[in-house]
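Trainee: The structure that follows is given in the form of C-alpha cells.
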Amino acid sequence: LSAATEVRCSQMPTYACHRRTPLNHHNQTITNALEILARSAFFQESDVRYLGFTRAASTLKALPYKLQSVNQAKDLPWCGGHCMIVIQLLTGIYGVGVRTAQRWFKEGIRNLSDLKTMECKLTAEQVSGLRHCKDLQQQVTLEEAERVGQLVKDTLQRFVPDVHITMTGGFRRGKEVGHDVDFLITHPNENALSGLLEDAVGWLETQGLLLYHHLKKRKPALRSASSSMDSHETCYAIVALPSSSSPWNTDIEVKKCNSEDAERIAHPESPNSLNSRTWKAVRVDLVVTPQAEHAYALLGWTGSKHFERELRRYSLREKKLSLNSHGLYDLEKSCFLPAQTEEEIFLHLGLQYLPPSDRNA
Ligand code: GTP
Ligand code: MN
Ligand code: MN
C-alpha cells in the first residue's frame, strides 16, 4: 500500500456531490455486490442498512483506483463498521456466491417486485399489460431510447410545434442501457403546456402505441419550501415502441396504423401475431415543468437517485437551503433562489459544477 493511496483515501469527501462519480469506475464487482445488499435491505425495509450499503458503494465508485485490500477501504467514508465486514467477505471466498446472488437478484427478486408494484397500479384490463413483463425485464438500449425520443418529439410537436424536450435520467448521465426512458418537457409560455400530456396520451392511444399510462396532475400546493415531494405533472407510461426494421416507424405521418396493427398491439399473444411482433414494450416517464422550474427539474430528474439524495442532504445540512425538483429555498432568508441553468444551481449551493456524466453516484 503506497502512502499516496492512503492520502487519497483520507481525502475522499463524504458528500457524493463533492466528488466525481463516473459511470465506468474501478470497483464494479464490489459495488455491484454492495448494491445487491442495499436492494435486499430495501426490500426488508431496513433503511439504515439500505443507506449504509448505498453510501459505501457510492464511495467506491468515486475511488480513482481499484481497491486492492480491505485495509484500503477502512479510511473511506461510509466504508467502516458493518460495511467493512461485508467488503471483507465479498473480496474473499464469497466471490462466486455474490455472482450467483446477483444473477438470482436479476432474474427473480427485482422483477417480482417490479411486477408487484405494477399489479397494484393496473386495472383488470391492464393486467394484460403484465404480458409485456418480458420486454420490461429487458434493458432499454440507447438506440431504443433515441427512437422513443423521436416518438415523443413527433407526438408532442403535433400539439406544440416548438415544445422543448430533454432526455433525462440515466441516459443523460451517459448510461448505454436503462430500465426506462425519462423526458422533461417545457415551453417558455406555460399556457402552451396545459393539457399537452392528455393530448399526447390520447393520440398515442389512437395509434395503438400506448400499452399503459398513469397521469399525475400538478399539485401547486406541494411546491412548498420544505416539501421533498415532487408535484410536477407527470405521465408514467408503457409504450409499444415499433422496432427499427418495422414499416411502422416513427414517421407516423406517412404510415398510419391500420386495424390489423392495432389488433396485434392490443392482443400481442394472439396466434396470428405470435411470430410477427414488431414492437417492444418500453417504460417511459414524461415530466412537464414551467420554464422557471426547468433547471431544478432537470437537475432532479437527471439523478442518480443517490446523487440527488446527497445533494439535498448537503444543501440542507451545510447551506440551510432546501432543494427539490421545483426550486431552492433559502431557509434563513425565507426566499426562493431562481436559476435558469444547472450551473447556476451548483453556484447557489457553493459546489463545483459536476456534469451529468459525473453524477453516477
Ligand atoms: P434507469 O432508468 O434504471 O436507467 O436509471 P435512472 O437513473 O434513469 O432512474 P429513474 O428513471 O428511476 O430516475 C431518474 C431520476 O429521476 C432519478 O434521479 C430519480 O431520483 C428521479 N425520479 C424518479 N422518479 C421520480 C419522481 O417521482 N419524482 C421526482 N422528483 N424524481 C423522480
Ligand atoms: Mn430512467
Ligand atoms: Mn424514470
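Trainee: Residue separation times 0.36 nm, minus the C-alpha to C-alpha distance between Asp199 and Arg313: what's the value?
Mentor: On the way: separation 114, 0.36 × 114 = 41.04 nm, distance 3.75 nm.
Extra length available between Asp199 and Arg313 comes to 37.3 nm.
Trainee: Another question about this same structure. How much FRET efficiency would the formula 1/(1 + (r/R0)^6) give for Lys320 and His18, where r is the Cβ-Cβ distance and R0 is 25 Å, rounded to 0.05?
Mentor: 0.90
Trainee: Points 7 angstrom from Cα along the Cβ direction at Asp154 and Leu51: gap in nanometres?
Mentor: Taking the simple label geometry, Asp154 and Leu51 are separated by 4.6 nm.
Trainee: Can you check how the C-alpha radius of gyration of the range 9-80 compares to 2.2 N^0.38 Å, as a plain ratio?
Mentor: That works out to 1.05 for the range 9-80.
Trainee: Set the bar at 21 Å for Cα to Cα. Now go through Lys175/Lys319; Lys153/Lys280; Lys175/Lys305; Lys216/Lys319 and name every pair that lies beyond it.
Mentor: Where the Cα-Cα span goes over 21 Å, the pairs concerned are Lys175/Lys319; Lys216/Lys319.
Trainee: Also: Using a 7 Å offset from the Cα along the Cα-to-Cβ direction at both Asp285 and Ser244, what is the distance between the two label points in nm, to one decimal?
Mentor: Computed distance between label sites Asp285 and Ser244 equals 2.6 nm.
Trainee: Test of understanding: what is the full-extension gain from Lys305 to Phe43, defined as 0.36 nm times their sequence separation minus their Cα-Cα distance?
Mentor: Additional length available on full extension: 92.7 nm.
Trainee: With N set to the residue count of the range 302-358, report its C-alpha Rg divided by 2.2 N^0.38 Å to two decimal places.
Mentor: Here the Cα radius of gyration is 1.05 times the empirical estimate.
No value in this document is a laboratory result; all are computed from the given coordinates. Just so you know, these numbers come straight off a predicted model, no measurement behind them. Reconstructed Cβ throughout: ideal geometry from the backbone, glycine too, with neighbour counts over all protein chains shown.
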